[in-house]
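What follows is one structure encoded as C-alpha coordinates, with my remarks underneath.
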Amino acid sequence: MRDKTGLVEAFDALRAALFANDVERLETMLADEYVGYDPLGNPQDKRLSLDAYRPGAAQLDAYDCEDVETRVIGEVGIITGTGYIHGTFAGAEFEHHLRFLDMYVFRDGRWQLYLSQVTPLGS
(Lines give C-alpha, C1' and ligand atoms only; values in the text may rest on other atoms or scores of the structure.)
Protein backbone atom coordinates (compact mmCIF):
# COMPACT_ATOMS: atom_id res chain seq x y z
CA MET A 1 0.00 0.00 0.00
CA ARG A 2 1.31 3.39 -0.98
CA ASP A 3 -0.13 5.11 2.08
CA LYS A 4 0.89 5.77 5.68
CA THR A 5 -0.34 2.34 6.81
CA GLY A 6 1.86 0.60 4.25
CA LEU A 7 4.79 2.84 5.14
CA VAL A 8 4.53 1.99 8.85
CA GLU A 9 4.24 -1.71 7.97
CA ALA A 10 7.46 -1.44 5.93
CA PHE A 11 9.21 0.34 8.82
CA ASP A 12 8.11 -2.37 11.27
CA ALA A 13 9.12 -5.14 8.86
CA LEU A 14 12.55 -3.59 8.45
CA ARG A 15 13.06 -3.49 12.22
CA ALA A 16 11.97 -7.14 12.45
CA ALA A 17 14.45 -8.10 9.71
CA LEU A 18 17.25 -6.30 11.59
CA PHE A 19 16.43 -8.20 14.81
CA ALA A 20 16.37 -11.50 12.91
CA ASN A 21 19.55 -10.77 10.91
CA ASP A 22 17.43 -11.62 7.86
CA VAL A 23 19.81 -10.36 5.18
CA GLU A 24 17.71 -11.85 2.36
CA ARG A 25 14.71 -9.79 3.49
CA LEU A 26 16.85 -6.70 4.02
CA GLU A 27 18.18 -7.08 0.47
CA THR A 28 14.68 -6.41 -0.88
CA MET A 29 13.82 -3.74 1.70
CA LEU A 30 16.82 -1.49 1.04
CA ALA A 31 16.89 0.41 -2.25
CA ASP A 32 19.93 -0.32 -4.41
CA GLU A 33 20.91 3.35 -3.99
CA TYR A 34 20.46 3.24 -0.20
CA VAL A 35 22.70 5.49 1.89
CA GLY A 36 22.59 5.67 5.66
CA TYR A 37 24.53 7.80 8.11
CA ASP A 38 25.51 6.23 11.43
CA PRO A 39 25.68 8.07 14.78
CA LEU A 40 29.22 9.25 13.97
CA GLY A 41 28.12 10.65 10.59
CA ASN A 42 29.80 7.92 8.55
CA PRO A 43 28.01 6.99 5.30
CA GLN A 44 26.97 3.38 4.75
CA ASP A 45 25.79 2.00 1.43
CA LYS A 46 23.53 -0.99 0.92
CA ARG A 47 26.34 -3.57 0.79
CA LEU A 48 27.99 -2.30 3.98
CA SER A 49 24.63 -2.27 5.76
CA LEU A 50 23.81 -5.81 4.66
CA ASP A 51 27.25 -7.01 5.77
CA ALA A 52 26.68 -5.42 9.20
CA TYR A 53 23.59 -7.61 9.77
CA ARG A 54 24.93 -10.94 8.57
CA PRO A 55 24.91 -13.49 11.39
CA GLY A 56 27.90 -12.93 13.67
CA ALA A 57 28.12 -9.17 13.04
CA ALA A 58 25.41 -6.95 14.62
CA GLN A 59 22.81 -8.36 16.98
CA LEU A 60 20.07 -6.08 18.31
CA ASP A 61 18.61 -6.49 21.80
CA ALA A 62 16.43 -3.36 21.67
CA TYR A 63 15.14 -0.98 19.01
CA ASP A 64 12.47 1.18 20.63
CA CYS A 65 10.88 4.16 18.89
CA GLU A 66 8.88 7.12 20.20
CA ASP A 67 7.33 10.26 18.74
CA VAL A 68 7.10 8.58 15.34
CA GLU A 69 5.61 10.71 12.58
CA THR A 70 4.94 9.66 9.00
CA ARG A 71 4.40 11.58 5.80
CA VAL A 72 3.66 10.34 2.30
CA ILE A 73 4.30 12.68 -0.62
CA GLY A 74 3.60 10.88 -3.89
CA GLU A 75 6.16 8.08 -4.20
CA VAL A 76 8.16 9.25 -1.14
CA GLY A 77 7.54 8.30 2.47
CA ILE A 78 9.25 9.96 5.42
CA ILE A 79 9.40 8.61 8.95
CA THR A 80 10.87 10.62 11.82
CA GLY A 81 11.11 9.97 15.52
CA THR A 82 13.38 9.21 18.42
CA GLY A 83 14.78 5.85 19.29
CA TYR A 84 16.86 3.71 21.58
CA ILE A 85 19.04 0.98 20.08
CA HIS A 86 21.09 -1.54 22.04
CA GLY A 87 23.02 -4.57 20.93
CA THR A 88 26.41 -5.92 20.01
CA PHE A 89 28.58 -5.57 16.94
CA ALA A 90 31.44 -8.03 16.44
CA GLY A 91 31.19 -8.83 20.15
CA ALA A 92 31.33 -5.20 21.36
CA GLU A 93 28.27 -3.70 23.08
CA PHE A 94 26.70 -0.52 21.70
CA GLU A 95 23.89 1.73 22.89
CA HIS A 96 22.45 4.80 21.17
CA HIS A 97 19.70 7.31 21.93
CA LEU A 98 18.87 8.86 18.56
CA ARG A 99 16.68 11.14 16.53
CA PHE A 100 16.13 9.55 13.13
CA LEU A 101 14.87 10.44 9.68
CA ASP A 102 14.18 7.63 7.21
CA MET A 103 13.15 8.28 3.62
CA TYR A 104 11.44 5.51 1.67
CA VAL A 105 10.55 5.29 -2.01
CA PHE A 106 7.58 3.34 -3.35
CA ARG A 107 8.56 1.21 -6.34
CA ASP A 108 7.68 -2.18 -7.70
CA GLY A 109 4.63 -2.25 -5.43
CA ARG A 110 6.51 -1.84 -2.14
CA TRP A 111 8.28 0.68 0.09
CA GLN A 112 12.09 0.55 0.11
CA LEU A 113 14.38 2.41 2.50
CA TYR A 114 16.31 4.93 0.41
CA LEU A 115 18.01 7.21 2.96
CA SER A 116 18.52 7.04 6.71
CA GLN A 117 20.12 9.59 8.99
CA VAL A 118 20.50 9.50 12.75
CA THR A 119 21.57 12.16 15.23
CA PRO A 120 22.75 11.12 18.70
CA LEU A 121 20.79 12.51 21.64
CA GLY A 122 21.99 12.95 25.21
CA SER A 123 21.27 10.06 27.57
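The values are calculated or read from the model by the stated rules, or taken from the named source; none is laboratory data. Keep in mind it's a predicted model, so treat the numbers as computed, not measured. Glycine also receives a Cβ, built like all others from the backbone with ideal geometry; neighbour counts cover every protein chain displayed. The protein model used for the area step is the full one, side chains on, heavy atoms only, and it has no ligands, DNA or RNA in it. Shrake-Rupley method; radii C 1.70, N 1.55, O 1.52, S 1.80 Å.
Under a Gaussian network description of the chain, with springs only between Cα atoms under 10 Å, the residue in Leu26, Leu18, Leu40 that fluctuates furthest is Leu40.
When a 1.4 Å probe is rolled over the protein heavy atoms, the share of accessible surface on region 2-71 that falls to carbon and sulfur comes to 48 percent.
Note: the chain, Cα convex hull, 96 Å³ per residue.
Shown here are the Rg and Dmax of the Cα trace of region 1-56, at 11.9, 35 Å. Here is how the number arises for the chain: DSSP H runs of 4 or more residues each give -39500 (n - 2.57), the sum is divided by the residue count, and the result at 222 nm is -7500 deg cm²/dmol.
Give, as ranges by residue number, the residues of region 103-117 whose backbone N falls under 15 Å from the point 7 Å along Cα→Cβ of Thr80. The answer is 103-104, 116-117.
Magnitude of the charge dipole for the chain, about its Cα centre and with charges confined to Cβ atoms of Lys, Arg (+1) and Asp, Glu (-1), is about 220 debye.
The long axis of helix 4-20 is offset from the longest Cα principal axis of the chain by roughly 30 degrees. Per the Debye formula on identical point scatterers at the alpha carbon atoms of region 32-81, with no solvent, log10 I(q)/I(0) at q = 0.16, 0.21 Å⁻¹ is -0.70, -1.06. The slack between Gln44 and Tyr63, meaning 0.36 nm per residue of separation minus the straight C-alpha distance, is 4.9 nm.
Exposure check, 1.4 Å probe, all protein chains in place: Tyr37 carries approximately 90 Å² of accessible surface. One way to sum up the overall shape of region 54-109 is the equivalent ellipsoid from its Cα gyration tensor, whose semi-axes run 27, 16, 7 Å, largest first. Model label points for Glu24 and Thr88, set 7 angstrom from Cα along the Cα-to-Cβ axis, are 2.6 nm apart. For region 114-120, the Karplus equation 6.51 cos²θ - 1.76 cosθ + 1.60, evaluated at θ = phi - 60°, returns couplings of 10, 8, 9, 9, 10, 10, x Hz by residue, with Gly and Pro reported as x.
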